[in-house]
Amino acid sequence: MPRASDDPLAGLPRNFQRPCLLLLIGEKPSHGYDLLERLRELGFKQADPGMLYRSLRAMEQEGLVESDWEISDLGPRRRTYVLSEEGRDWLHAWAGSLRETERVLQRFVARYAAFAAENSRRG
């Protein structure tokens, strides 16, 4: 019998972490560790630091984010990421796509609820 995945994020769109990172960086310029913590607040309980830094490097190469080294009084320098104009445009496009996905999913969940209610009355 099929069962739901143990990973609650398994049903999210592929590469969903990217628009999440762009949103978090758009909210405030951030360094990697800060982004890792804030991703957890969005539900990424098992956020992988290696994947995070690979994503940030790729997004910088694509022109979606820019970075600079920040000097810290409390420790070593850290790379801080800011959202570029292209990244802002990409974030808006992702948000529009996710809104449409949300509408489709809401219709599915409503129909599933009706289906499940009907089946529970029958059996």
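A short reminder: the numbers here are calculations on the coordinates, not readings from a lab. Values in this document were obtained by computation on a predicted structure and should not be read as measured data. Here the Cβ positions follow ideal geometry from the backbone for every residue, glycine too, while neighbour counts run over all protein chains shown.
Set Lys and Arg Cβ to +1 and Asp and Glu Cβ to -1, take the dipole of the chain about its Cα centre, and tell me which of 15, 65, 110 lies farthest positive.
Looking along the dipole axis, the top candidate is 110.
Plugging the Kirkwood radius over Cα pairs into Stokes-Einstein for the range 17-122, at a temperature of 10 °C and a viscosity of 1.306 mPa s, what D comes out in µm²/s? The partial results should precede the final answer.
Details: Rh = 15.9 Å.
This corresponds to a translational diffusion coefficient of 100 µm²/s.
If the only charges are +1 at each Lys and Arg Cβ and -1 at each Asp and Glu Cβ, what is the size of the charge dipole of the range 20-82 around the Cα centre, to the nearest 20 debye? Write out the running numbers ahead of the final one.
On the way: 9 positive and 11 negative charges, 42 e Å.
Rounded to the nearest 20 debye, it is 200 debye.
About the Cα centre of the chain, what is the dipole size in debye to 20, counting +1 per Lys and Arg Cβ and -1 per Asp and Glu Cβ, all else neutral? Could the numbers behind the result be given before it?
Details: 19 positive and 19 negative charges, 161 e Å.
That gives a dipole near 780 debye.
Using DSSP to call loops (not H, G, I, E or B), can you name the GluC sites (Glu not before Pro) in the range 63-123 whose Cβ has at most 14 other Cβ atoms within 10 angstrom?
Numbers: sites: 66, 70, 85, 86, 100, 102, 118; in loops: none.
Hits after loop and neighbour filter: nothing returned.
Rounded to the nearest 5, what % of DSSP beta bridges with both residues in the chain are antiparallel? Each step should come with its number before you reach the end.
Values: 8 of 8 bridges.
So the antiparallel bridges amount to about 100 percent of the total.
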